[in-house]
1. Please verify whether Leu355 is in a loop (DSSP other than H, G, I, E, B), of a type outside the set (Lys, Arg), within 18 Å of Pro401 (Cβ to Cβ) and modelled with pLDDT of 95 or more, treating the condition exactly as stated.
2. Residues of region 325-366 being touching a Cys at 6+ places or on another chain (Cβ under 9 Å) and surrounded by fewer than 22 Cβ atoms within 10 Å (Cβ to Cβ), which ones?
3. May I ask you to list the residues in region 284-295 that are in a loop (DSSP other than H, G, I, E, B), in contact with a helix residue (DSSP H, G or I) (Cβ under 8 Å, 6 or more places away or on another chain) and either farther than 13 Å from Thr256 by Cα or not small (Gly, Ala, Ser) (or both)?
4. Kindly list, by first and then second residue, each pair from a residue in region 377-398 that is under 17 Å from Gly352 (Cα atoms) and at pLDDT 95 or above to a residue that is of a type in the set (D, E, K, R) and not in a strand (DSSP E or B), limited to pairs with Cβ atoms under 8 Å and residues at least 6 apart or on different chains.
5. Restricting to region 382-413, and then to whatever is β-branched (Val, Ile, Thr) and in a strand (DSSP E or B), can you tell me which residue is surrounded by the fewest Cβ atoms within 10 Å (Cβ to Cβ)?
6. Select from region 309-321 the residues that are buried (at least 23 other Cβ atoms within 10 Å of the Cβ) and in contact (Cβ under 8 Å) with a residue 60 or more places away in the chain and write down the one among them that is nearest to Thr217 (Cα to Cα).
7. I'd like the full set of residues that are touching a residue at least 40 places away in the same chain (Cβ under 8 Å), among the charged types (D, E, K, R) and surrounded by fewer than 20 Cβ atoms within 10 Å (Cβ to Cβ), limited to region 414-439.
8. Here are Glu316, Glu369: which of them is more than 16 Å from Pro401 (Cβ to Cβ), outside any loop (DSSP other than H, G, I, E, B) and of a type in the set (Asp, Glu)?
Amino acid sequence: MTRPARLRGLPAAVLAVPLLALAACSSAAPSHPASSSPATSATSATSASSAPSVSATPTASGAAATDWTTYGRTADRSGVSVSSPAPTSLHKAWTASVDGAVYAQPLIVGSTVIIATENDTVYALNEATGAVRWSRHLASPVPSGLPCGNVDPSGITGTPVADPASGRLWLVTFTAQPDYHHTLWALSLATGATESQRAIDLAGSDPKAQQERGALTLLGDRVYVPFGGLYGDCSDYKGRVVGAPVSGSGPLASFTTDNQLQAGIWAPAGESVRDNSLYVATGNGMPYDQVDDSDSVLRLSPTLAVQSLFTPSNYESLSANDQDLGSTAPALLPGGQVFQVGKEGVGYVLDGTRLGGTGGELTSANVCEGGFGGDAVDGRTVVFSCYRSLRAVQVTGGRKPQIKTDWSVTGGNPGPPIIAGGVVWDIDRNGTLTGYRLADGHQVDTAKDNAPTTSFPSLAASGSRLVVPAGTQVVSYTGI
C-alpha cells in the first residue's frame with residue numbers, strides 16, 4: 001500500500017523537538033467494565049403507535065428519512081433523526097428480551113428493528129410491537145480463552161450496516177470454532193437468510209487479539225470493517241480496516257497502522273464517511289516515542305490508502321498514559337472540518353482535506369474530563385459523552401475556528417448521544433434514559449426503569465419512537 005512520507009506536512013518546530021522514549025501500560029479498549037450475561041431468548045411486548053413519515057434526502061441506498069440504517073443513522077455518523085417531531089410525553093411501548101448482551105446500536109429499516117447480540121444472534125423485530133419477525137443464530141461466541149478482554153461472551157460487538165436498496169444486512173461475528181476467527185456475513189433483511197459469508201481477518205493478524213468493536217459502514221461497492229484490541233491492551237493487535245466487496249467475493253482492501261503494536265480503531269462509531277473518504281481515529285501505540293499512526297486521525301481512500309493524517313504534538317504523553325485520541329470517532333462538521341476529542345479531554349478542529357500532520361490542528365481547547373464513546377452533530381453543534389458528563393460545544397467556521405461550550409450536564413456514565421426532535425437523548429450505564437433540549441441542555445424527560453446497559457450504549461430513533469438497548473433487553477419508547 002502506498003503511504004505518504006511520514007514527516008510530510010510537519011511543522012518545522014515539531015521536527016526540531018527531540019523525541020523521548022517513554023513506556024507505560026495502556027488500553028485502547030473501553031475503560032468502562034462491560035457487560036451483562038445473556039438471557040434465554042424470549043419476547044414480550046405491548047402495542048405501540050407507528051412513527052410518522054417525513055420526507056427527506058435518503059441517507060443510504062434506497063433508505064427513507066425514517067430509516068436508521070447505520071451507526072448514527074448516516075455514514076457521516078451525525079446521529080440526528082430528521083424524521084422526529086418535537087417530543088410530547090415519553091411512554092414505554094414495549095420491551096423485548098434477546099439471547100445476549102447488546103453492544104451494537106439498534107438499526108431501524110422500514111418497520112423492522114434490527115438487533116445484534118454477543119451470542120452471535122441477529123433479531124428482526126416488529127417496530128410497532130417488538131414481536132420477532134425472524135432471528136438467526138449464526139455462530140458460537142467466544143466465552144473464554146482470550147489473552148484479556150471484558151466482553152464475555154464475545155460475539156457480535158460492532159454495529160451492523162443495512163442497505164435497503166439491495167435488501168441486505170452486513171455484520172461480523174466472532175467465534176472460536178473450529179479456530180478463532182471473524183466472519184463477515186450478508187443477510188437478507190426480509191428473511192435473515194445468508195446471502196454471503198467470508199473470513200475477514202487479515203493475513204498476519206491474530207484474531208484472538210483483535211476486537212471488532214467499531215461499526216461497519218458502506219462506501220461504493222465495499223463494506224468496511226474496523227478492528228482494535230481487547231480491554232487490557234494485551235497481545236499483538238494493531239489498528240486495521242478491511243474493505244470487502246459487497247458482492248461477497250473478490251480481493252479485500254486493507255489498512256494496517258504503521259506502529260509496531262496497538263493503535264486500535266475501536267470507537268463504537270467506527271469510520272466516518274464524507275466525500276468518498278473514510279475518517280478514523282486511533283488509540284495509543286508502541287513504541288511511544290514515534291508518531292506512526294497511533295493517537296491520530298487519518299483520512300483513508302476507498303482503497304484504504306492514507307490521504308492525510310493528524311497527530312497531536314503531545315503524542316508521546318498520550319501513548320504513554322493511555323490517553324487514546326481515538327476514544328471517539330471523528331465528528332464531521334460543515335465546511336470540510338473535523339472535530340476530534342479523546343480521553344485527554346482536548347477537542348481538536350482539523351481541516352478535513354489536509355489534516356495537518358503533527359501538531360497541525362486549526363484550533364484546540366480543553367472541553368471535558370475525557371471524551372468517550374461517540375458524538376452527535378447538528379450543524380456546527382457537537383454533543384458528546386465524557387467520563388462523567390454530557391457536553392455540547394459550538395464550533396465556529398473559517399480558518400481560525402473557535403470552540404465554545406454551549407452547555408454541560410455532569411454526573412452519571414453517559415453513553416453516546418443522539419439528537420431527535422430538537423432533543424439530545426442519552427442512556428447511561430445504569431439504564432437511565434434522559435432527554436435534554438439541544439438549545440440549552442434543559443432536561444425535558446427521563447425514564448429510570450431500564451435494565452443496566454453494556455459499555456457505550458447508544459440508541460436509535462425513527463419518527464416519534466426511540467429504540468434503546470438495555471443489557472439483554474431492547475426497550476421501545478414513543479412520544480419523543
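1. Working: in a loop (DSSP other than H, G, I, E, B): yes; of a type outside the set (Lys, Arg): yes; within 18 Å of Pro401 (Cβ to Cβ): yes; modelled with pLDDT of 95 or more: yes.
Spelling it out, Leu355 is indeed in a loop (DSSP other than H, G, I, E, B), of a type outside the set (Lys, Arg), within 18 Å of Pro401 (Cβ to Cβ) and modelled with pLDDT of 95 or more.
2. Residue satisfying the conditions is Gly345 alone.
3. Residues of region 284-295 that are in a loop (DSSP other than H, G, I, E, B), as a first pass: 284, 287-295.
Among the residues that remain, those that are also in contact with a helix residue (DSSP H, G or I) (Cβ under 8 Å, 6 or more places away or on another chain) are: 284, 288-289, 291, 294-295.
Asn284, Tyr288, Asp289, Val291, Asp295 - these are the residues of region 284-295 that are in a loop (DSSP other than H, G, I, E, B), in contact with a helix residue (DSSP H, G or I) (Cβ under 8 Å, 6 or more places away or on another chain) and either farther than 13 Å from Thr256 by Cα or not small (Gly, Ala, Ser) (or both).
4. Sorted first by the residue in region 377-398, then by its partner, the pairs are Val377/Asp76; Val377/Arg77; Val395/Arg380; Thr396/Arg380.
5. My answer is Thr410.
6. Leu309
7. Arg429
8. Numbers: Glu369 fails: outside any loop (DSSP other than H, G, I, E, B).
Result of the check over Glu316, Glu369: Glu316.
The values are calculated or read from the model by the stated rules, or taken from the named source; none is laboratory data. All values derive from a computational prediction rather than experimental measurement. Please note: Cβ atoms are built from the backbone with ideal geometry, for glycine as well, and neighbour counts cover all protein chains shown.
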